[in-house]
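The structure appears right after this line, and notes come after that.
FYI, it's all coordinate maths here, none of it is from the lab. For clarity, every value in this text was computed on a predicted model and none was experimentally measured. We place every Cβ from the backbone using ideal geometry, glycine too, and count neighbours over all the protein chains shown.
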Amino acid sequence: MASPTDPTGAGPTGPTPDTGPPTPGLWALVERRVLLNVATALALLATGIMLLESISRSALSHSYFWAEESVRYLMIWAFFLTLGAAGRAGHMIRTEMLVERLSPRLQQGANILTTALGVLFSGVLLYASIPQVVRYRSMGMLTESNLDLPMWLLFLAMPLGAILMGIYYLGALREALSGRDPYQAADADPELPAEMKGPLL
């Protein structure tokens with residue numbers, strides 16, 4: 001409150017300095033600055049190969065046998081690398097029409113249920129994908145094209161994506177169990193740094 005001796009009303013210690021947004025955790029930095037950049041590079045490479053294949057077919061009547069297979073696996077890796085980041089940025093599809101009409105306690109229960117199901121789904125995906133990778137590795141299977149890439153290495157994207165998604169949902173479940181909305185940060189002001197969105201472990 002302002003006074004003759006303190007016209008600013010800031011008090012004897014002066015105004016509180018603006019500390020800015022909190023520093024993102026290490027995992028948020030890895031996810032945003034490494035995984036998303038790698039996924040973007042893979043998607044751009046797949047796009048370039050598709051353009052090369054289409055131009056070659058239309059202009060030269062020539063098709064590259066390895067192009068379709070390369071694009072397929074590049075997009076698979078790009079997709080699975082972004083599962084955790086997509087949830088943290090609020091890009092997971094949610095149906096809120098019913099939840100918004102519930103009481104705060106029921107909303108918390110719904111958040112706990114949905115995040116627990118997300119953890120469960122991530123675990124099932126991880127459990128189902130590991131035997132497939134192990135089987136491909138033991139059989140020594142290679143891709144059909146002349147690239148001769150090991151199939152187990154290509155399908156390793158699935159358990160890796162399950163782990164990334166599980167990390168996100170474990171953080172979201174922790175937020176829900178503590179009484180906070182695990183999706184609120186992801187729906188915050190879009191001007192906030194992307195590293196600050198979504199729950200973290």
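Summary of computed values
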read-out	value
Inter-centroid distance (Cα atoms) of region 70-116 relative to region 120-188, Å	14
Near-label residues of region 134-172 by backbone N, under 19 Å of a point 7 Å along Cα→Cβ of V30	156-172
Under 5 Å, built H, 5+ apart or other chain: amide partners of L142	M151
Under 14 Å from the L52 label point (7 Å along Cα→beta-carbon), backbone N, region 141-168	146-147
Integer Hz, Karplus 6.51/-1.76/1.60 couplings in order for region 102-119, x for Gly and Pro	8, 6, x, 5, 5, 5, 5, x, 5, 5, 5, 5, 5, 5, 5, 5, x, 4
Per-selection Rg to Rh, region 26-181 - Cα, Kirkwood hydrodynamic radius	1.10
Listed residue (T115, T82, I163) projecting farthest to the positive dipole end of region 26-181, Cβ model	T115
Segment M141-N37, extension gain: residue separation times 0.36 nm, minus the distance between their alpha carbons	34.5 nm
